[in-house]
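Report on the following structure.
Throughout, read-outs are computed from the coordinates displayed, never taken from laboratory work. Here the structure is a predicted model, which means the values were calculated and not measured. Reconstructed Cβ throughout: ideal geometry from the backbone, glycine too, with neighbour counts over all protein chains shown.
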Amino acid sequence: MPTLRDFLEKINIRADIAWEEPLAGHTSFRLGGPAELLVRPADEESAIALVRAAREESIPLFVLGGGANLLVGDRGIRGIVLDTGALRGLRLEEPSGTEGGASLLSAGAGLPVDELCLEALCLGLGGLQDFSGLPGSVGGAAYMNARCYEREISQVLERLRYLAPSGELVERRVLPGEWDYKRSPFQPGGPAAGALVLEATFRLEGAESAEIAATMRARRADREAKGHYRLPSAGSVFKNDRRLGAPTGKLLDGLGFRGRAVGGAAVSAWHANIFVNAGGATAAQMRKLIELAQREARERLGAELEPEVLFVGEF
Ligand SMILES: Cc1cc2nc3c(=O)[nH]c(=O)nc-3n(C[C@H](O)[C@H](O)[C@H](O)COP(=O)(O)OP(=O)(O)OC[C@H]3O[C@@H](n4cnc5c(N)ncnc54)[C@H](O)[C@@H]3O)c2cc1C
């Protein structure tokens with residue numbers, strides 16, 4: 001395996017790069033050690049060339065979207081971290097072909113979901129308003145099959161374009177059977193695991209701009225009222241599991257978890273499934289608090305809590 005410096009010189013792509021870049025500045029938890037090499041490709045071609053070359057040389061590569069669902073370890077991530085932030089292309093296709101003459105709006109993987117929602121509003125297209133205020137990127141929302149107000153992003157997705165682990169470019173329709181609650185084909189074990197999502201195409205309907213805007217405002221106001229943006233967090237730490245009979249927040253409430261803390265990592269005072277960096281936390285403390293909640297839920301309720309937040313890098 002060549003050194004990362006030799007590798008970079010050889011591949012010659014258009015990108016911003018940073019060595020030993022602290023990832024705390026790139027995650028909504030504001031936690032995490034450095035990326036050995038952070039690369040932000042300026043365009044799709046550069047992203048594709050980077051991923052293909054890294055695979056050829058067996059260099060580990062992690063894809064970073066908005067960093068809104070990640071707990072990055074204090075010792076950071078070795079190898080390359082590909083930041084999709086500059087892949088923001090947006091194009092509207094003529095309404096045709098799809099059922100009922102829906103419009104197709106395609107967005108680059110790095111576009112923030114919130115910006116996508118605003119663009120749809122400006123175009124008078126409805127379907128995305130429930131996702132207004134969701135932190136993170138289009139690619140991350142597809143990977144996570146983000147869910148807001150009972151709607152999953154896969155329900156408005158028409159197709160995805162991605163770079164498969166084989167190095168092949170694939171464009172594929174969204175098949176309902178491959179998506180589930182917080183599950184997408186891009187996650188480990190899925191048919192497209194290890195792929196780099198490049199572009200997502202959404203199926204939207206013409207709607208009254210005033211109505212779209214009203215829903216978007218209401219969603220954002222609801223999140224604000226629920227304290228979503230009050231302190232650095234990654235939203236819900238655990239998935240909900242219907243079999244447990246109550247949302248995870250309620251279960252943790254019952255265990256007296258609100259306000260519990262390990263160092264600067266705390267369960268928020270306003271929602272027991274939102275853990276926050278209350279100031280000066282480390283990723284290790286956050287992980288410890290998460291594991292503490294899991295242990296108590298297991299021992300006292302017989303419940304297995306599955307983290308929604310993804311643990312990455314070295315702790
Ligand atoms: C305040 C707050 C509120 C939240 N509310 C919600 C909510 O209501 N509903 C909800 O579902 N989530 C919620 N979240 C979690 C988060 O917003 C979502 O999980 C979001 O979709 C993550 O997107 P991201 O771009 O930040 O992904 P990241 O956190 O950067 O990455 C998540 C995963 O996606 C992968 N990934 C990212 N981009 C790509 C790509 N282009 N190709 C391949 N893989 C990729 C990463 O490798 C990683 O495995 C909330 C988070 C916060 C901070």
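In sequence order, the range 205-216 has phi-based couplings of 10, x, 8, 5, 4, 4, 5, 4, 4, 5, 5, 4 Hz under the Karplus curve 6.51 cos²θ - 1.76 cosθ + 1.60, θ = phi - 60°, and Gly or Pro positions carry x. The count of lysine pairs in the chain whose Cα atoms are under 24 Å apart, excluding pairs fewer than 8 places apart on the same chain, comes to 9.
The charge dipole of the range 233-302, taken about the Cα centre with unit charges on the Cβ atoms of Lys, Arg (+1) and Asp, Glu (-1), comes to about 140 debye, rounded to the nearest 20. What you get for the chain, charging only the Cβ of Lys and Arg (+1) and of Asp and Glu (-1), is a dipole of about 1100 debye around the Cα centre. Taking 0.36 nm per residue of separation and subtracting the Cα-Cα distance, full extension of the segment from residue 225 to residue 207 would add 3.8 nm. Simple point charges give the picture: +1 on the Cβ of Lys and Arg, -1 on the Cβ of Asp and Glu, and for the range 4-86 a dipole about the Cα centre of about 180 debye. Set the Cα radius of gyration of the range 90-225 against 2.2 N^0.38 Å, with N its number of residues, and you get 1.02. With q set to 0.07, 0.15 Å⁻¹, the log10 of I(q)/I(0) for the chain, from the Debye formula over equal scatterers at the Cα positions, is -0.29, -1.28. The residue 118 and residue 269 beta-carbon pair, evaluated with R₀ = 30 Å, returns a calculated FRET efficiency of approximately 0.45.
A cut-off of 5 Å between modelled amide H atoms, ignoring neighbours fewer than 5 places along the same chain, links residue 146 with 153. Where in the range 27-54 is the amide nitrogen less than 13 Å from a point lying 7 Å along the Cα-to-Cβ axis of residue 1? The answer is 36-37, 54, whose backbone nitrogens lie closer than 13 Å to the label point. Each of 104, 118, 77 was placed along the dipole of the chain (beta-carbon charges, centred on the mean Cα), and the one lying farthest toward the positive end is 77.
Close amide-amide hydrogen proximity is noted between residue 276 and 266, 267, 268, each under 5 Å apart and 5 or more residues distant or on a separate chain (H modeled in the peptide plane; Pro and chain starts excluded). Close amide H contacts of residue 71 (hydrogens built in the peptide plane, cut-off under 5 Å, sequence separation of 5 or more or a different chain): 310, 311, 312. Lys/Arg Cβ at +1, Asp/Glu Cβ at -1, dipole of the chain taken about the Cα centre: which of 23, 176, 311 is farthest positive-ward? Of the candidates, 311 comes out farthest on the positive side.
Computed 3J(HN,Hα) for the range 8-16, one whole-Hz value per residue from the Karplus formula 6.51 cos²θ - 1.76 cosθ + 1.60 where θ = phi - 60°, is 4, 4, 6, 7, 6, 10, 8, 6, 8, glycine and proline marked x. Highest mean first, the peptides 10-16, 79-85 sorted by other C-beta atoms within 10 Å per residue fall in the order 79-85, 10-16.
The simple Förster model, with R0 at 30 Å and r as the Cβ-Cβ distance, assigns residue 14 and residue 93 a FRET efficiency of 0.70. In order along the range 69-83, the Karplus-derived 3J(HN,Hα) couplings, from 6.51 cos²θ - 1.76 cosθ + 1.60 at θ = phi - 60°, round to 9, 10, 10, 8, x, 5, 8, x, 10, 7, x, 9, 10, 8, 8 Hz, and Gly and Pro are given as x.
Highest mean packing comes first when the peptides 271-278, 33-40 are listed by Cβ atoms within 10 Å, giving 271-278, 33-40. Only one residue of 186, 212, 248 has its Cα farthest out toward the positive end of the dipole of the range 160-315, where Lys and Arg carry +1 and Asp and Glu -1 on Cβ, and that residue is 248.
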